[in-house]
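Enquirer: If you scroll down you'll find the structure; I have some questions about it.
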Amino acid sequence: MKHVFTSRKGDQELFSGYYNRFLALSNQELIDSYNAQVRTGLTGVHAQAVYLLALRKAMKERFGESPVTLGDGGVVGLE
């Protein structure tokens, strides 16, 4: 599953809100947030891509890695 992300005005604020919410979650809640996205799949909705990027950052900081990928050209994916 992949989504090409292009930034838009207001993304930084949206990202910060999601990211700060993720920081307050337990490890299991963070994993559950990822698993919920896998069940939903990538929908092509811009806000979902911002959510996934914030989740990616929180997971990398917490666990040292993340199953949310960010490739060349802003391609966001789920492993």
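Enquirer: Of all residues in the stretch 53-69, which are assigned to a strand (DSSP E or B) and surrounded by 15 or more Cβ atoms within 10 Å (Cβ to Cβ)?
Expert: Let us first name the residues in the stretch 53-69 that are assigned to a strand (DSSP E or B), namely 68-69.
Passing the criteria: only V68.
Enquirer: Can I ask one more? Which residue pairs have Cβ atoms under 8 Å apart, sit 6 or more places apart or on different chains, and have a first residue in the stretch 8-23 that is under 19 Å from K60 (Cα atoms) and open to solvent by 60 Å² or more (accessible area, probe 1.4 Å) and a second that is in a loop (DSSP other than H, G, I, E, B) and at pLDDT 95 or above?
Expert: none
Enquirer: Here's another thing I want to ask about it. Would you mind telling me which numbered condition in (1) within 13 Å of the chain's Cα centre (by Cα); (2) of a type in the set (A, V, I, L, M, F, W, C); (3) in a loop (DSSP other than H, G, I, E, B) L25 fails?
Expert: Among (1) within 13 Å of the chain's Cα centre (by Cα); (2) of a type in the set (A, V, I, L, M, F, W, C); (3) in a loop (DSSP other than H, G, I, E, B), L25 violates only (1).
Enquirer: Within the stretch 38-52, is even one residue open to solvent by less than 70 Å² (accessible area, probe 1.4 Å), over 17 Å from G17 (Cα atoms) and assigned to a helix (DSSP H, G or I)?
Expert: Looking through the stretch 38-52, at least one residue is open to solvent by less than 70 Å² (accessible area, probe 1.4 Å), over 17 Å from G17 (Cα atoms) and assigned to a helix (DSSP H, G or I).
Enquirer: Is it true that G74 is modelled with pLDDT under 95, open to solvent by less than 40 Å² (accessible area, probe 1.4 Å) and over 12 Å from the mean Cα position of the chain (by Cα)?
Expert: On the way: modelled with pLDDT under 95: yes; open to solvent by less than 40 Å² (accessible area, probe 1.4 Å): yes; over 12 Å from the mean Cα position of the chain (by Cα): yes.
Yes, satisfied.
Enquirer: Among the listed residues R39, R56, R62, identify the single one that is within 9 Å of the chain's Cα centre (by Cα), over 10 Å from H3 (Cβ atoms) and of a type outside the set (S, T, N, Q). It would help to see each step written out before you state the result.
Expert: Details: R39 fails: within 9 Å of the chain's Cα centre (by Cα); R62 fails: within 9 Å of the chain's Cα centre (by Cα).
None of the others qualify; the one that does is R56.
The values are calculated or read from the model by the stated rules, or taken from the named source; none is laboratory data. Nothing here was measured: the structure is a model prediction, and the numbers come from that model. Note that each Cβ is placed from the backbone with ideal geometry, even for glycine, and that neighbours are counted across all protein chains shown. Areas reflect the complete protein model, heavy atoms only, side chains present, ligands, DNA and RNA absent. Shrake-Rupley method; radii C 1.70, N 1.55, O 1.52, S 1.80 Å.
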